[in-house]
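The values are calculated or read from the model by the stated rules, or taken from the named source; none is laboratory data. Note that the structure is a prediction, hence the values are computed from the model and not measured.
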Amino acid sequence: MSISPNAPLPPAESGGSGLKIPILFGAVLALIAANVYLFMKLEENEADLAPSKRNAAAPRPPWAPHAKRRTGRWPRPSAS
């Protein structure tokens, strides 16, 4: 006996979501808490890096060994 393609589908099971909704709710709360925690850590790291950002923004003298040339490339070692 074959099932015709136009046969109605059996009704979906109702209920059974007694535990699914609380688990989903807990997972969403855990994700929100993790995002808040990571945002607070990011703010803390930004505060720690503020002095470094000020020092990095200062112009470097052209004689500094790590200074770039105006072309944007690193200086080549001298051939001596």
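Any idea which of Ala33, Ala7, Ala12 is part of a helix (DSSP H, G or I) and at pLDDT 65 or above?
When all the criteria are applied, what remains is Ala33.
Just to be sure, is Ser80 at pLDDT 65 or above and over 27 Å from the mean Cα position of the chain (by Cα)?
no
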